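The values are calculated or read from the model by the stated rules, or taken from the named source; none is laboratory data. Just so we're clear, the structure is a prediction, and the values are computed from it rather than from any experiment. Neighbour counts run over all protein chains shown; Cβ positions are idealised from the backbone, glycine included.
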Amino acid sequence: MAETLPPAVYHDPGIHDLELEKIFRRDWICLGRLAEIPAPGDYLCRDIAASPVIVVRQKDGSVKALANICAHRATRLLECDGHVSRISCPYHSWTYAIDGQLIGAPFMQDTPGFDIARYRLKELACDTWEGFIYVSLDTNAQSLATRLGALTDLVGDFRMADYVPVFSQVDTWDANWKCLVENYMDAYHIHRVHKNSFGKYGASEDWTKLFDGEDAFSYHYVQEDEDPRSVSAHPNNTWLKGDNRNRTYLINIFPAHTIQLQPDMLWYLSILPQGTECLEVRWGVSIPGEILEAAAVKQEHIDDLMQLLHQVNSEDQPIVENLGRSTRSPEATRGPLSYLERNVWQFGRYLSRALSA
């Protein structure tokens, strides 16, 4: 019988350091969606394993990932998300084009041997998949097209890249990052924790099918029908066929990108550790354009959806933080996993592979 992770795995500083080195400094980490930075100069900022990173939309429409560290004295350059026409250091005003090339360095012209053309921000590996932006600190990381090919075959017909962003936010929770990943992929807790949100629409456990996934991801889906309360593709959506028109996929792209994909909504989490006892989560919501266009009042449709998802988060956060505290107890032990926690087990298998590599 499959069991939970040993409780010490969530709190041991040595394991945390190993996760940073072997997972977050090697794997692909989702930082957001292309549609969240639509214009040249739009950017996102995150810290991956203590490495500050900027993702910037370029003038040709491409995206670059750059170290968010000045080439002069290593000052952090940008904060949060935003828009710039150029990147200027807040310390000594060294200024960079949005592609990372140094274009201005006050008073350095009087420094013997200085050549402005020799300096630029370090460029990091950056790739995209289905409208999501990924960065890897490992220059030899396997391409996403190869890594996620089987997942593309599974959900590519949803055309996630075309979904329209309506919300994004960065929060901190008082729990180990693994607690939230496991919770998102746990099909066993819906009846209890979400009885006032998702659970109001029926027993999703009865409609849930679980699968092994691949080395790079795990997933399960909830198959509904054409009941008016069910998730469903809009009639103007002619590309989704068969059961996918009423199917919700729950996906974990290892290590910490989770997705709830429906024909009428996309909800994603990008989770990053902040030590052993705290996590940072960027979460965003997108809606298919045909559904927004058909809504009687677009903002009311968005508000209704966000009310539901804020309710879901308000239910998840206390239980995840509860787990974060209680697994510190010397009395905490490993327990048996339900068949509905198959993807929790798959996540544990990924951790074992990654940390022992």
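Every condition in (1) among the hydrophobic types (A, V, I, L, M, F, W, C); (2) within 16 Å of T258 (Cβ to Cβ); (3) surrounded by 19 or more Cβ atoms within 10 Å (Cβ to Cβ) holds for V170 except the one numbered (3). Scanning segment 64-102 for residues that are surrounded by 22 or more Cβ atoms within 10 Å (Cβ to Cβ), under 22 Å from the mean Cα position of the chain (by Cα) and either more than 21 Å from R282 (Cβ to Cβ) or of a type in the set (A, V, I, L, M) (or both) yields A65, L66. Taken over segment 199-247, the criterion of being exposed (fewer than 13 other Cβ atoms within 10 Å of the Cβ) and closer than 28 Å to R353 by Cα is satisfied by K209, D212. Exactly one residue out of A175, A145, A125, A150 is farther than 20 Å from V285 by Cα, over 16 Å from the mean Cα position of the chain (by Cα) and buried (at least 17 other Cβ atoms within 10 Å of the Cβ), and it is A175.
Residue selection: C30 satisfies the criterion of being touching a His at 6+ places or on another chain (Cβ under 8 Å), on the phi < 0 side of the Ramachandran plot and not in a loop (DSSP other than H, G, I, E, B).
The requirement of being surrounded by fewer than 17 Cβ atoms within 10 Å (Cβ to Cβ) and under 30 Å from P336 (Cα atoms) is satisfied by N196.
Evaluated against (1) without any contact (Cβ under 8 Å) to a residue 60 or more places away in the chain; (2) more than 20 Å from I251 (Cα to Cα), R349 falls short on exactly one condition, (2). Restricting attention to segment 11-63 and to residues that are more than 16 Å from the chain's Cα centre (by Cα) and hydrophobic (A, V, I, L, M, F, W, C), the residue that is surrounded by the most Cβ atoms within 10 Å (Cβ to Cβ) turns out to be V56.
What's the total number of residues in segment 204-242 that are more than 30 Å from A296 (Cβ to Cβ), not polar (S, T, N, Q) and not in a helix (DSSP H, G or I)?
Going residue by residue through segment 204-242, those that are more than 30 Å from A296 (Cβ to Cβ) are 205-206, 208-220.
Next cut, not polar (S, T, N, Q) only: 205-206, 209-217, 219-220.
When the remaining residues are screened for being not in a helix (DSSP H, G or I), the result is 209-217, 219-220.
Qualifying residue count for the region: 11.
Taking segment 99-199 as the region of interest, the strands (runs of 3 or more DSSP E) fully inside it that hold 1 or more residues being outside the structural domain of T327 (by TED's automatic domain parsing) are 102-104, 123-129, 132-136.
If only one of E341, E300, E290 is acidic (D, E) and under 23 Å from the mean Cα position of the chain (by Cα), which one is it? Going through E341, E300, E290 in turn, the sole match is E341. The set of residues in segment 45-98 that are small (G, A, S) and assigned to a strand (DSSP E or B) comprises S51, A65, A67, G82, S88.
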